[in-house]
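Peer 1: Below you'll find the structure I mean.
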(Lines give C-alpha, C1' and ligand atoms only; values in the text may rest on other atoms or scores of the structure.)
Protein backbone atom coordinates (compact mmCIF):
# COMPACT_ATOMS: atom_id res chain seq x y z
CA UNK A 1 0.00 0.00 0.00
CA UNK A 2 2.89 2.39 0.75
CA UNK A 3 4.19 1.97 -2.82
CA UNK A 4 0.77 3.00 -4.18
CA UNK A 5 0.80 6.11 -1.99
CA UNK A 6 4.34 6.95 -3.10
CA UNK A 7 3.31 6.50 -6.74
CA UNK A 8 0.19 8.65 -6.33
CA UNK A 9 2.18 11.44 -4.68
CA UNK A 10 4.88 11.16 -7.34
CA UNK A 11 2.29 11.33 -10.12
CA UNK A 12 0.82 14.49 -8.57
CA UNK A 13 4.33 15.98 -8.59
CA UNK A 14 4.79 15.03 -12.23
CA UNK A 15 1.49 16.70 -13.12
CA UNK A 16 2.55 19.86 -11.25
CA UNK A 17 5.89 19.89 -13.06
CA UNK A 18 4.54 19.42 -16.60
CA UNK A 19 3.39 23.00 -17.30
CA UNK A 20 6.66 24.37 -15.94
CA UNK A 21 8.76 21.95 -17.99
CA UNK A 22 6.72 22.74 -21.11
CA UNK A 23 7.39 26.46 -20.63
CA UNK A 24 10.55 28.31 -21.65
CA UNK A 25 12.04 28.13 -18.15
CA UNK A 26 15.55 26.84 -17.52
CA UNK A 27 16.16 24.03 -15.01
CA UNK A 28 16.89 26.40 -12.14
CA UNK A 29 13.67 28.32 -12.79
CA UNK A 30 11.61 25.10 -12.96
CA UNK A 31 13.08 23.84 -9.68
CA UNK A 32 12.52 27.24 -8.01
CA UNK A 33 8.89 27.35 -9.19
CA UNK A 34 8.28 23.85 -7.82
CA UNK A 35 9.78 24.89 -4.49
CA UNK A 36 7.42 27.88 -4.45
CA UNK A 37 4.57 25.37 -4.85
CA UNK A 38 5.77 23.64 -1.68
CA UNK A 39 8.09 20.92 -2.97
CA UNK A 40 11.36 20.37 -1.14
CA UNK A 41 14.57 21.22 -2.96
CA UNK A 42 15.27 17.50 -3.46
CA UNK A 43 11.80 16.80 -4.86
CA UNK A 44 11.93 19.85 -7.14
CA UNK A 45 15.33 18.83 -8.51
CA UNK A 46 14.21 15.22 -9.04
CA UNK A 47 11.12 16.34 -10.94
CA UNK A 48 13.21 18.72 -13.05
CA UNK A 49 15.65 15.93 -13.97
CA UNK A 50 13.48 12.84 -14.17
CA UNK A 51 10.28 13.91 -15.93
CA UNK A 52 11.96 14.90 -19.24
CA UNK A 53 14.11 11.75 -19.16
CA UNK A 54 11.13 9.48 -18.58
CA UNK A 55 9.13 11.10 -21.37
CA UNK A 56 12.05 10.78 -23.79
CA UNK A 57 12.57 7.09 -22.99
CA UNK A 58 9.11 6.25 -24.33
CA UNK A 59 9.81 8.12 -27.57
CA UNK A 60 13.30 6.64 -27.95
CA UNK A 61 12.01 3.10 -27.50
CA UNK A 62 9.45 3.75 -30.25
CA UNK A 63 12.23 5.06 -32.49
CA UNK A 64 14.00 1.70 -32.30
CA UNK A 65 16.32 2.05 -29.32
CA UNK A 66 17.17 -1.49 -28.29
CA UNK A 67 18.07 -0.91 -24.66
CA UNK A 68 17.66 1.68 -21.95
CA UNK A 69 19.78 1.77 -18.79
CA UNK A 70 18.57 0.32 -15.50
CA UNK A 71 20.27 3.03 -13.50
CA UNK A 72 21.46 6.61 -13.48
CA UNK A 73 24.93 7.65 -12.33
CA UNK A 74 25.41 10.29 -9.67
CA UNK A 75 28.41 11.28 -7.61
CA UNK A 76 28.77 11.06 -3.86
CA UNK A 77 30.43 13.59 -1.57
CA UNK A 78 33.82 12.00 -2.31
CA UNK A 79 33.21 12.32 -6.08
CA UNK A 80 32.78 8.56 -6.54
CA UNK A 81 30.32 7.38 -9.18
CA UNK A 82 27.27 5.68 -7.66
CA UNK A 83 24.59 3.72 -9.53
CA UNK A 84 21.09 4.99 -8.77
CA UNK A 85 18.50 2.35 -9.77
CA UNK A 86 15.81 3.78 -12.05
CA UNK A 87 13.13 1.62 -10.41
CA UNK A 88 13.70 3.28 -7.01
CA UNK A 89 13.02 6.80 -8.24
CA UNK A 90 9.27 7.35 -7.79
CA UNK A 91 9.13 10.56 -9.83
CA UNK A 92 10.86 8.82 -12.71
CA UNK A 93 8.64 5.73 -12.63
CA UNK A 94 5.46 7.82 -12.28
CA UNK A 95 6.51 9.99 -15.25
CA UNK A 96 7.45 6.92 -17.29
CA UNK A 97 4.09 5.27 -16.60
CA UNK A 98 2.23 8.47 -17.49
CA UNK A 99 4.26 8.91 -20.68
CA UNK A 100 3.76 5.30 -21.74
CA UNK A 101 0.02 5.36 -21.02
CA UNK A 102 -0.37 8.64 -22.89
CA UNK A 103 1.60 7.37 -25.86
CA UNK A 104 -0.53 4.20 -25.97
CA UNK A 105 -3.95 5.71 -25.23
CA UNK A 106 -3.75 9.18 -26.72
CA UNK A 107 -3.33 12.80 -25.74
CA UNK A 108 -5.57 14.48 -23.19
CA UNK A 109 -6.42 17.93 -21.89
CA UNK A 110 -4.10 17.23 -18.95
CA UNK A 111 -1.27 16.12 -21.25
CA UNK A 112 -1.59 17.41 -24.81
CA UNK A 113 0.85 16.41 -27.52
CA UNK A 114 2.59 19.81 -27.49
CA UNK A 115 3.36 19.49 -23.76
CA UNK A 116 4.61 15.91 -24.19
CA UNK A 117 6.93 16.96 -27.03
CA UNK A 118 8.32 19.99 -25.21
CA UNK A 119 8.96 18.02 -22.02
CA UNK A 120 10.60 15.07 -23.80
CA UNK A 121 12.65 17.49 -25.89
CA UNK A 122 14.29 18.92 -22.75
CA UNK A 123 16.11 15.67 -21.94
CA UNK A 124 19.77 15.00 -22.61
CA UNK A 125 18.75 11.61 -24.01
CA UNK A 126 16.54 13.21 -26.66
CA UNK A 127 19.26 15.71 -27.50
CA UNK A 128 21.77 12.88 -28.03
CA UNK A 129 19.25 10.88 -30.05
CA UNK A 130 18.53 13.85 -32.31
CA UNK A 131 22.25 14.18 -33.02
CA UNK A 132 22.41 10.50 -33.99
CA UNK A 133 19.26 10.81 -36.11
CA UNK A 134 20.75 13.81 -37.92
CA UNK A 135 23.94 11.84 -38.71
CA UNK A 136 22.69 8.27 -39.11
CA UNK A 137 18.99 8.65 -39.84
CA UNK A 138 17.95 5.88 -37.44
CA UNK A 139 18.18 4.68 -33.85
CA UNK A 140 17.28 1.12 -34.79
CA UNK A 141 19.23 -1.30 -32.59
CA UNK A 142 21.05 1.44 -30.67
CA UNK A 143 21.35 1.60 -26.91
CA UNK A 144 21.84 4.48 -24.54
CA UNK A 145 24.49 4.71 -21.87
CA UNK A 146 23.62 5.62 -18.33
CA UNK A 147 22.65 9.22 -17.75
CA UNK A 148 24.86 11.16 -15.36
CA UNK A 149 23.04 13.34 -12.86
CA UNK A 150 24.71 16.44 -11.47
CA UNK A 151 21.98 18.53 -9.84
CA UNK A 152 21.87 16.34 -6.70
CA UNK A 153 24.48 14.16 -5.03
CA UNK A 154 24.12 10.39 -4.91
CA UNK A 155 23.27 10.66 -1.23
CA UNK A 156 20.45 13.10 -1.96
CA UNK A 157 19.08 10.95 -4.77
CA UNK A 158 19.02 7.87 -2.56
CA UNK A 159 17.01 9.64 0.15
CA UNK A 160 13.26 9.06 0.07
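The values are calculated or read from the model by the stated rules, or taken from the named source; none is laboratory data. Just so you know, these numbers come straight off a predicted model, no measurement behind them. All Cβ positions, glycine included, derive from the backbone under ideal geometry; neighbour counts span all protein chains shown.
Peer 1: Scan 95, 74 and give me the residue that is within 15 Å of the chain's Cα centre (by Cα), crowded, with 16+ Cβ neighbours inside 10 Å and either part of a helix (DSSP H, G or I) or at pLDDT below 90 (or both).
Peer 2: Working: 74 fails: either part of a helix (DSSP H, G or I) or at pLDDT below 90 (or both).
Checking each option against the conditions leaves just 95.
Peer 1: Could you list all residues from region 126-158 that are loosely packed, with under 11 Cβ neighbours inside 10 Å and within 18 Å of residue 42 (Cα to Cα)?
Peer 2: Once the filter is applied, which keeps residues that are loosely packed, with under 11 Cβ neighbours inside 10 Å and within 18 Å of residue 42 (Cα to Cα), region 126-158 yields only 150.
Peer 1: Filter region 103-125 down to residues that are surrounded by 15 or more Cβ atoms within 10 Å (Cβ to Cβ) and outside any helix (DSSP H, G or I) and give me whichever is farthest from the chain's Cα centre (by Cα).
Peer 2: 111
Peer 1: Give 44, 54, 8, 12 a once-over and let me know the one that is within 17 Å of the chain's Cα centre (by Cα), in a helix (DSSP H, G or I) and touching a residue at least 24 places away in the same chain (Cβ under 8 Å). Explain how you work it out, then say what you get.
Peer 2: Details: 44 fails: touching a residue at least 24 places away in the same chain (Cβ under 8 Å); 8 fails: touching a residue at least 24 places away in the same chain (Cβ under 8 Å); 12 fails: touching a residue at least 24 places away in the same chain (Cβ under 8 Å).
Selected residue: 54, the only one of 44, 54, 8, 12 that is within 17 Å of the chain's Cα centre (by Cα), in a helix (DSSP H, G or I) and touching a residue at least 24 places away in the same chain (Cβ under 8 Å).
Peer 1: Let me ask something additional. Look through 146, 102 and report the one residue that is closer than 19 Å to residue 53 by Cβ and in contact (Cβ under 8 Å) with a residue 60 or more places away in the chain.
Peer 2: 146
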